[in-house]
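**Student:** Sharing a structure, written as structure tokens. Questions coming.
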Protein chains: 2
Amino acid sequence: MQSSETLSTQEKIKAAAREVFIKKGYVAAKTRHIADVAGINLALLNYYFRSKEKLFHIIIMETLAELFDTFEAIIKNPETSIPDKVRLMVTAYLDTLVVQPDIPLFIINEVNRNPKLVIQDLKINERIQSEHFIQQWSVFAAKNGIPTQHFIHILVNTVSMTVFPFLAKPVLSEVFGIKDRDFVDFVIQRKQFIPTWFDVIVQSYKQKPL
Amino acid sequence: MQSSETLSTQEKIKAAAREVFIKKGYVAAKTRHIADVAGINLALLNYYFRSKEKLFHIIIMETLAELFDTFEAIIKNPETSIPDKVRLMVTAYLDTLVVQPDIPLFIINEVNRNPKLVIQDLKINERIQSEHFIQQWSVFAAKNGIPTQHFIHILVNTVSMTVFPFLAKPVLSEVFGIKDRDFVDFVIQRKQFIPTWFDVIVQSYKQKPL
DNA sequence: AAATTTTTTAATCATTTGTTTAATTTTTTT
DNA sequence: AAAAAAATTAAACAAATGATTAAAAAATTT
């Protein structure tokens, strides 16, 4: 076990690569910058990881894996209701993103740059398609009068409301004067609000179907 | 007046630059690629626009200006109610984005890369702060029991639900099998749904305040 | 038609950037 | 301690890239 001051060279490079790639994106990230941040000689990057591309692949895969681990654990839990799962999901992701606010733009950029990446190397389809969750949603939807095709809309709404503020952060900052500290408060408020809005949208189907 | 086949060299460069910058982003866009798409000699790009940076600045400013023209026109219209404005806004932007789906990621990337750009060169603050709109929202919020601080949340929700699907398009495509044609249908459905969800969220404040 | 200006082109420059090489230092094994 | 292996470094390479230059071609003005 190593202390945080005595990371191995490999670990220093990975930590620096994670920081730089997530902040700048693949194209704008430069190997010399990563080497500087890691405090190592440039050649060591290729010595340990062969190429920028290969190093990047490791970083984005680890980042995506962490996010999907959370997702998978929550939707596959047989103990929680659908609204519980939404609340857990929103809370988990907002807690993560508050301390790593650059992750959404990073992921979205790289998935757009290479869409096959997601489905090929990670086997997301298998991981997302949980029998339990599909079944649970069907029951929930039926009980609330929600048409099957609306699953994707409601899912997109929830993810949108959770993730989009991090993409729009500079706009909120410059146009609405929401500085870093205010932004954290703003996001913390949404941990409560978003699950409520989810409920409100769901309830609306019972009252008057769209 | 020139026909579309006989654009001036300047116009050909701008059209190509718009296409390439929006598709690739500033860093990944290469001047030689822009020149190729425009069908002109590379040196002409610098002859007419001095530098890649200056050309880019023109493109992003024009793109932002178009989007804000729409926004300004809608919120400053004294004839329409708040729900009307939401509906008009959602419809206008979804219609635009269906034919130019790469714009959201382009804007978000470049605003994140240089946040000052938005507030400095465009004077967005002045344009957004409409006395009429602020007044109208105050009345609307009071009538529906919406706390003042929730304005920003509800605005962010509406924009999130409208814009985010275009950022997540490859995920929807690869993970949920929503191909190009399906995506257009999906977005068209949301032209109706999002204003309804806005109403639903607003209504929820009357019934039981958060 | 001649002169002048504008536009276009091919070639080149200077810098950046990902990667490699060969030598040196450090660590591990014998 | 000697030998072998692993890690590190400085230097350099090759390709890509934004920009410039000087000459040629085209258009405009005189």
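**Student:** Restricting attention to region A:29-53, which residues are more than 28 Å from the chain's Cα centre (by Cα), among the polar types (S, T, N, Q) and outside any helix (DSSP H, G or I)?
**Tutor:** Taking region A:29-53 and keeping what is more than 28 Å from the chain's Cα centre (by Cα), we get A:39-44, A:46-47.
Filter once more, so that each one left must be among the polar types (S, T, N, Q): A:41, A:46.
The answer is A:Asn41, and nothing else.
**Student:** Given the conditions (1) more than 10 Å from every other protein chain (Cβ to nearest Cβ); (2) modelled with pLDDT under 95; (3) buried (at least 16 other Cβ atoms within 10 Å of the Cβ), which single one is not true for A:Ala141?
**Tutor:** Tallying (1) more than 10 Å from every other protein chain (Cβ to nearest Cβ); (2) modelled with pLDDT under 95; (3) buried (at least 16 other Cβ atoms within 10 Å of the Cβ), A:Ala141 fails exactly one: (2).
**Student:** Collect the residues in region B:158-210 that are more than 9 Å from chain A (Cβ to nearest Cβ), over 23 Å from the mean Cα position of the chain (by Cα) and modelled with pLDDT of 95 or more, keeping them in residue-number order.
**Tutor:** B:Val202
**Student:** Quick test of your reading of the structure: B:Thr162 fulfils all but one of (1) within 24 Å of A:Asp182 (Cβ to Cβ); (2) part of a helix (DSSP H, G or I); (3) β-branched (Val, Ile, Thr); (4) free of Cβ contacts under 8 Å to residues at least 40 places away in the same chain. Name the failing condition by number.
**Tutor:** Condition (4) is where B:Thr162 drops out.
**Student:** Next question, about the same structure. Any chance region B:88-107 includes a residue that's outside the structural domain of B:Asp182 (by TED's automatic domain parsing), among the charged types (D, E, K, R) and in a helix (DSSP H, G or I)?
**Tutor:** no
Condition check ((1) open to solvent by less than 70 Å² (accessible area, probe 1.4 Å); (2) within 14 Å of another protein chain (Cβ to nearest Cβ); (3) within 13 Å of DNA strand C (Cβ to nearest atom)) across all residues:
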| site | (1), (2), (3) |
| --- | --- |
| A:Leu42 | yes, no, yes |
| A:Leu45 | yes, no, yes |
| A:Arg50 | no, no, yes |
| A:His57 | yes, no, yes |
| A:Ala65 | yes, no, no |
| A:Glu72 | yes, yes, no |
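**Student:** Which pairs have Cβ atoms under 9 Å, sit 6 or more apart or on different chains, and link a residue in region A:109-120 that is within 7 Å of chain B (Cβ to nearest Cβ) and without any contact (Cβ under 8 Å) to a residue 40 or more places away in the chain to one that is crowded, with 17+ Cβ neighbours inside 10 Å and outside any helix (DSSP H, G or I)?
**Tutor:** That search, which allows pairs on different chains as well, returns A:Val111/B:Ala168; A:Asn112/B:Asp102.
**Student:** Quick one: would you say B:Leu155 is under 22 Å from B:Leu64 (Cα atoms), outside any helix (DSSP H, G or I) and within 19 Å of the chain's Cα centre (by Cα)?
**Tutor:** In short, no.
**Student:** Moving on to the next point. With the requirement that a residue be under 20 Å from the mean Cα position of the chain (by Cα) and either in contact (Cβ under 8 Å) with a residue 60 or more places away in the chain or part of a loop (DSSP other than H, G, I, E, B) (or both), what does region B:1-28 give you?
**Tutor:** Once the filter is applied, which keeps residues that are under 20 Å from the mean Cα position of the chain (by Cα) and either in contact (Cβ under 8 Å) with a residue 60 or more places away in the chain or part of a loop (DSSP other than H, G, I, E, B) (or both), region B:1-28 yields B:Phe21, B:Ile22, B:Lys23, B:Gly25, B:Tyr26.
The values are calculated or read from the model by the stated rules, or taken from the named source; none is laboratory data. These numbers were taken from a predicted model, which means no experiment stands behind them. Because the Cβ atoms are built from the backbone with ideal geometry, glycine has one as well, and the counts that use them run over all protein chains shown. Note: accessible area is taken over every heavy atom of the protein model, side chains too, but ligands, DNA and RNA are not part of it. Shrake-Rupley method; radii C 1.70, N 1.55, O 1.52, S 1.80 Å.
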